[in-house]
Amino acid sequence: MRLSRFPLATTKETPADAEVVSHRLMLRAGMIRKLGSGLYTWLPLGLRVLQKVEAIVRAEMNRAGAFEVLVPPEVPAELWQESGRWDKYGPELLRFKDRHGREFIIGPTHEEVITDLARRDVRSYKQLPLNYYQIQTKFRDEIRPRFGVMRGREFLMKDAYSFHMDEADLVREYQNMRATYTRIFNRVGVEFRAVKADSGAIGGDRSEEFHVLANSGEDLLAVSDQSNYAANIEAAETRALSTRAAASAAVERVATPTQKTCEEVAALLKVALETTVKLIVVKAREGGLIALAIRGDHVLNTVKAEKHPRVAAPLTLASDAEIQAAFGCEPGFLGPVFADGTNAVPVLADHAAATLADFVCGANLAGFHLRGANWGRDAAEPETADLRNAVAGDPSPDGQGVLKLVRGIEVGHIFQLGKLYTNALKMTVLDADGKEVTPEMGCYGIGVTRIVAAVIEQRNDDKGIVWPDAIAPFRVLICPIGTDKSEAAKATAEKLYNELHTAGIEVLLDDRGLRPGPMFADADLIGVPHRVVIGDKGLAQNQFEYKRRDAAVAQMIPATTEAVLALLRA
RNA sequence: CGGGGCGUAGCUCAGCUUGGUAGAGCGCUUGCUUCGGGAGCAAGAGGUCGCAGGUUCAAUUCCUGUCGCCCCGACCA
């Protein structure tokens, strides 16, 4: 491709609303342009990258034995009503009516549609297993789109859905997809990690996320420093850190007139935050309230809390009035120690909070906290559960090493759904004995659009993007210097361009006749992995200047096409 | 959805407080010079000041409404 004919849309200045580096660079490099909130047009340069990622995903899915389909993005409401998700999904689901007043949605995901497809066509166990996938535009009306295409409302997604006669086969395919995803991200050329995850809105039993590791990631991951244990913070298990010591102090009431948070109380009493306990009061599943006890330095994990059988889902905090009625004081002074004769609110304690002895907590009396409180003596022995977020330094749940926290960008998610959707949509097939069986189902998503942004987050420098070869918009950029004066530079560049092109290399020739400054600035910004500079200086010694985008310095190479090709193969 | 902010040239912004019919830098076009890391000089093109009302002799400026966009907020006991 000749740059003089390519609609390169690089800019020196950055549009004001770009916060993260990938958004900034995608705008500056001219990969995308914004159309509306969370909506982006892909320009030729960006689209080439997007399609490269898409091609890798498609090739690996095909290789894994999945079959590509394409379903409409618009889905009749009936299917979503049948699965129950019409009511479960909130305003994130884009709904609309056609001219006849029929209701539709734009699919944010397609479990229903593919299950519907499969239940019509699949009648026999001989047709299973089956894995359908598609690469298609999805729409999710995000509360707050941000970070460019990283969290847009419209995005390209690869979603796959598999059907199986039994759980063992589902697990087999799940592992197959896990291996496929690993191949995909390896081929893309990005550093990633598979982590245990919460299955969220899709539902199901077991799931793992694939994260590109980047400091700007929106997700926190807990990874072991000694084993391959890795989990999203939402799903990282925690357990008791020690056994509880015997009570050694008498419980004592202390005045804390304005200190409402554990931090303030700990500072006032000059005790470690780790020896304080806070209560978070939520609605109980069986009605009424339940208090969640968390160590002062820990953070409640809402996903875990919501899953607990005694906690109402969705997690709902008690109102101040409800707290006042139940505890007899305002929030800020709550604790698990109830005076005799009062109606104690049931307490569910996180393992770490439950192993504290002589702890500090609210006195259930405005302006006072307790010091030297103990479970089983002052407070009732609580039911315990895993309720908190893991923190750096926690022992790894697999018993090997300790956890550290890293940031990641979720680019893939695989689920064992079980019979969630096949049951809801009444899909059955006949087994070998002629009996109707409800198939097991798995689903597997990859955010194709997001991969592009995530790779940039991981691979950039102060000058621009540093593409891995596999998804770069072009592999080689030829920069002839002083073409208005040097016929040799111009002709040599043309020759190299033609020969690389003939060799099947995606090559870009900067024939715009720019001065070197702007030419190199564009080259670095758009991040083409290999650059060949051709000028009189080098040609005098029969040399090209070659520089990898990710290398610190350039090197001189023989001025031949073969020399360049050899470097590309390396 | 609550709170805050912003809509003026292709981009980044100034002007508005104190109304008098619009500017800078970058980019773009042309010419000359320059030419190994975002050049210089000169001449030019380019704006319904988001939209709709209102006040006024006069509105980019003041008022009201509306649309769009951005930021913060669902871990607090």
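Quick rundown of the values:
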item	result
Within segment A:244-353, strands (runs of 3 or more DSSP E) holding 3 or more residues that are more than 13 Å from RNA strand B (Cβ to nearest atom) and open to solvent by 40 Å² or more (accessible area, probe 1.4 Å)	A:252-255
Filter result (over 15 Å from A:VAL277 (Cβ atoms), of a type in the set (Gly, Ala, Ser) and open to solvent by 40 Å² or more (accessible area, probe 1.4 Å)) within segment A:354-391	A:ALA366
Single residue of A:ARG85, A:ARG28, A:ARG33 found to be among the basic types (Lys, Arg), buried (at least 19 other Cβ atoms within 10 Å of the Cβ) and touching a Ser or Thr at 6+ places or on another chain (Cβ under 7 Å)	A:ARG28
Residue list for segment A:215-234, filter: open to solvent by 50 Å² or more (accessible area, probe 1.4 Å) and within 15 Å of RNA strand B (Cβ to nearest atom)	A:GLU218, A:LEU220, A:GLU234
Residue ID - nearest to RNA strand B (Cβ to nearest atom), chosen from residues in segment A:461-474 that are within 12 Å of A:VAL190 (Cα to Cα) and under 22 Å from the mean Cα position of the chain (by Cα)	A:VAL466
Sole residue being assigned by TED's automatic domain parsing to the domain that holds A:ARG172, in a helix (DSSP H, G or I) and near RNA strand B (Cβ under 10 Å from one of its atoms), chosen from A:LEU50, A:LEU27	A:LEU27
Residue ranges of strands (runs of 3 or more DSSP E) in segment A:477-570 with at least 2 members within 35 Å of the chain's Cα centre (by Cα) and touching a residue at least 60 places away in the same chain (Cβ under 8 Å)	A:507-509
Lone qualifier among A:LYS485, A:LYS490, A:LYS426 - being surrounded by fewer than 24 Cβ atoms within 10 Å (Cβ to Cβ), of a type in the set (Lys, Arg) and more than 16 Å from RNA strand B (Cβ to nearest atom)	A:LYS426
A:ALA9 being more than 25 Å from the chain's Cα centre (by Cα) and either in contact (Cβ under 8 Å) with a residue 24 or more places away in the chain or surrounded by 14 or more Cβ atoms within 10 Å (Cβ to Cβ) (or both)	yes
Hey, A:PHE544 touching a Gly at 6+ places or on another chain (Cβ under 7 Å) and aromatic (Phe, Trp, Tyr) or not	yes
Unique match (being closer than 26 Å to A:ARG512 by Cβ and crowded, with 16+ Cβ neighbours inside 10 Å) among A:TRP80, A:TRP42	A:TRP42
Verdict on A:ILE526 being open to solvent by less than 30 Å² (accessible area, probe 1.4 Å), touching a helix residue (DSSP H, G or I) at 6+ places or on another chain (Cβ under 9 Å) and over 29 Å from A:VAL21 (Cα atoms)	no
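The values are calculated or read from the model by the stated rules, or taken from the named source; none is laboratory data. What you see is a predicted model; the values in this text were computed from it and never measured. Please note: Cβ atoms are built from the backbone with ideal geometry, for glycine as well, and neighbour counts cover all protein chains shown. Heads up: the accessible areas ignore ligands, DNA and RNA and are worked out on the full protein's heavy atoms, side chains in. Shrake-Rupley method; radii C 1.70, N 1.55, O 1.52, S 1.80 Å.
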